[in-house]
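Since the structure comes first, as structure tokens, the remarks are kept for the end.
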């Protein structure tokens with residue numbers, strides 16, 4: 001029995017659609033009335049675990065799920081020992097540094113040393129500023145990161161940007177780009193090395209959709 | 001405020017200690033039968049020893065703040081290899097040594113918190129003899145030890161084997177810069193990284209096929225021969241698998257050759273392996289090992305090339321798949337000696353001494369029991385099966 005960890009939220013619908021094309025119908029998880037967190041596929045050969053975004057690589061790394069779908073941003077932040085299998089090309093966004101529109105900073109390198117930077121993605125942000133050789137004080141927030149510069153708590157934020165609307169509506173402007181992110185199919189490395197063909201079939205089926213551009 | 005134990009460390013209760021000791025004793029029984037002698041390497045070592053010449057990352061070691069750079073051992077091989085290359089340097093080879101004890105690692109949890117990871121390990125090191133025989137003995141001993149542990153049948157153990165030279169052969173044609181990148185991609189099973197590699201498309205397809213190449217040793221060796229030609233590594237692997245195949249069949253252990261598997265620690269310079277069992281929910285690695293000639297030479301101060309190989313069982317992981325001990329074993333006959341108002345504790349101690357002489361477990365009820373019935377009620381509370389009430 002294959003177990004797949006799927007992230008609740010924005011990636012769920014597309015994730016379900018990719019697995020449906022590979023022969024595993026998890027559409028039950030999309031039912032508004034569904035409250036189950038472990039949902040069997042219609043064929044009964046696999047289970048889907050409905051978990052939070054950040055928990056997908058955890059379930060896969062610990063081997064409780066052989067496969068999972070999660071954004072590259074989450075993988076980059078958590079750096080769990082998982083195998084990167086297929087770039088699913090949906091859930092596009094990018095990680096960016098943003099400041100108040102009225103500020104004079106034009107790029108991350110312009111920020112003053114030891115300034116405060118607020119983020120949900122403190123590991124990604126820390127690595128970025130270390131590469132810039134700019135010492136900053138990281139402030140970890142769990143949401144509404146845009147408030148950091150608005151309240152004066154932080155000079156800048158590092159956050160995911162999809163359309164840029166939230167930044168604009170909160171008077172913030174993007175000044176640097178960390179990386180581009182899309183949804184990824186990931187796998188447990190040990191399960192992949194012990195696989196007798198079942199996991200490989202799913203990975204190949206999902207990958208072949210990518211080649212055909214059938215999504 | 002309650003003082004809590006450090007997160008990740010093991011604070012075991014009596015039953016857990018008993019389970020650990022049971023498994024350790026089963027393993028040591030086999031090691032002794034094979035002529036291995038017990039050593040007890042230090043838990044605290046110099047950082048240079050612990051990092052094993054760069055094979056183990058410094059950030060995985062728990063450091064101790066003293067005048068010298070010291071740390072807690074993350075494994076026991078480096079300490080034993082050092083002893084073999086220094087104070088045991090003049091001892092007759094092969095040296096057959098075994099050790100058990102706790103190891104400590106610094107580990108980052110998924111929420112970013114750094115914790116101390118304490119684990120109980122038991123393993124052997126075989127140092128000295130040239131040739132493939134060292135690996136044959138080691139794998140035989142590993143399989144025999146596993147059998148002795150009496151693990152659940154449905155755990156379907158798999159011995160996943162590779163050789164550090166296989167990845168070298170696969171990467172031979174590439175330049176040094178891209179070689180390191182490809183090695184990381186193959187050992188991390190990174191298909192996306194492989195797709196993005198800036199190399200010839202045929203090479204990419206070839207590497208993808210190599211990444212998916214694993215399974216029956218004879219088939220994998222034949223495929224590798226077809227791609228890279230015959231060589232000494234493939235010949236010796238072929239020999240090794242022919243020797244261990246019969247015993248693995250007897251004990252129902254699936255053997256799988258996986259050319260792109262490389263262990264987490266960069267200590268090894270030859271055969272590398274991990275023993276994997278199924279817990280029903282997920283696969284777990286219950287033992288790891290390999291050949292580490294360079295490590296022994298790192299600590300040696302003579303010109304004679306040294307050879308070493310070993311493996312280590314994780315007791316905590318084995319507990320997940322070991323058959324539960326029979327309760328009759330765990331709670332062997334235990335006698336409670338209680339005394340009434342007309343006797344003293346000295347009388348009870350005298351009874352206890354006699355039972356101990358007969359190798360029986362006997363404990364004394366420290367409070368006076370006025371009647372035999374009162375004493376009998378205490379039996380389940382004290383975990384005893386028999387009662388002696390004196391008055």
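No value in this document is a laboratory result; all are computed from the given coordinates. Everything numeric here is computed off the predicted structure, so don't read it as measured data. Virtual Cβ from ideal backbone geometry, glycine too; neighbours counted across all protein chains shown.
Observations on the model:
- When every Cα-Cα distance of segment A:93-180 is counted in 10 angstrom steps from zero, the calculated P(r) takes the values 19, 61, 20, 0 percent.
- Shape category assigned to segment B:74-178 from the gyration tensor of Cα positions, a/c cut at 1.5: rounded
- Estimated from the Cβ-Cβ distance and a Förster radius of 41 angstrom, the FRET efficiency linking residue B:154 and residue B:232 is about 0.60.
- C-alpha long axis of helix B:217-228 to longest principal axis of chain B, angle in °: 30 degrees
- Euclidean distance between Cα centres, segment B:126-152 to segment B:245-290, Å: 12 Å
- Compared with the dominant Cα axis of chain A, that is its longest principal axis, helix A:122-132 is turned about 60°.
- Counts of other chain beta carbons within 10 angstrom of each beta carbon in peptide A:75-81 average 2.
- Relative contact order for chain B: 17 percent, from Cα pairs under 8 Å spaced at least 6 residues apart, divided by residue count.
- For the peptides B:94-103, B:74-83, the ranking by mean Cβ contacts within 10 Å, running from highest to lowest, is B:74-83, B:94-103.
- Taking the number of Cβ atoms within 10 Å of each Cβ as an exposure proxy, the fewest-first ranking of B:389, B:34 is B:34, B:389.
- Convex hull volume of the C-alpha atoms in segment B:177-302, normalised per residue: 161 Å³.
- Summary of the geometry: segment B:46-100 and segment B:195-213, compared by the centres of their Cα atoms, lie 38 Å apart.
- Residue exposure proxy: B:238, B:200, B:293, A:73, ordered by other Cβ atoms within 10 angstrom of their Cβ from fewest to most, comes out as B:200, B:238, B:293, A:73.
- Rounded, prolate or oblate (a/c below 1.5 giving rounded, otherwise prolate when a/b exceeds b/c) for segment B:1-80 by Cα gyration tensor: oblate
- Ascending count of other beta-carbon atoms within 10 Å, so fewest first, for B:282, A:144: A:144, B:282
- Radius of gyration, Dmax [chain A; alpha carbons; angstrom]: 19.2, 58
- Descending principal axes extents, chain B, alpha-carbon based, whole Å: 93, 53, 50
- Legend: mean number of C-beta atoms from other chains within 10 angstrom of residue C-beta atoms, peptide B:209-218, equals 1.
- Cα long-axis angle, helix B:232-250 against chain B (0 to 90 degrees, to the nearest 10): 30 degrees
- Only helices enter this figure: runs of n ≥ 4 DSSP H residues, each worth -39500 (n - 2.57), summed and divided by the residues of chain B, yield -12000 deg cm²/dmol at 222 nm to the nearest 500.
- For residue B:58 and residue A:27, a Förster radius of 51 Å and the Cβ-Cβ distance give a FRET efficiency of 0.55, rounded to the nearest 0.05.
- Beta bridges per DSSP with both ends in segment B:1-109, % antiparallel, nearest 5: 75 percent
- Counting only DSSP beta bridges with both residues in segment A:93-180, the antiparallel share comes to about 65 percent.
- Counting only other chain Cβ atoms within 10 Å of each residue's Cβ, the peptide B:183-192 averages 4.
- Protection proxy ranking, peptides A:87-100, A:31-44, B:338-351, average beta carbon neighbours within 10 Å, highest first: A:87-100, B:338-351, A:31-44
- Of all DSSP beta bridges confined to chain A, the antiparallel ones make up roughly 60%.
- Percent RCO, i.e. relative contact order, over chain A, from Cα pairs under 8 Å lying at least 6 residues apart: 27 percent
- Radius ratio Rg over Rh of the protein assembly as shown, counting only Cα atoms, Kirkwood formula for Rh: 1.04
- Here segment B:333-369 and segment A:65-89 have alpha carbon centers that stand 63 Å from each other.
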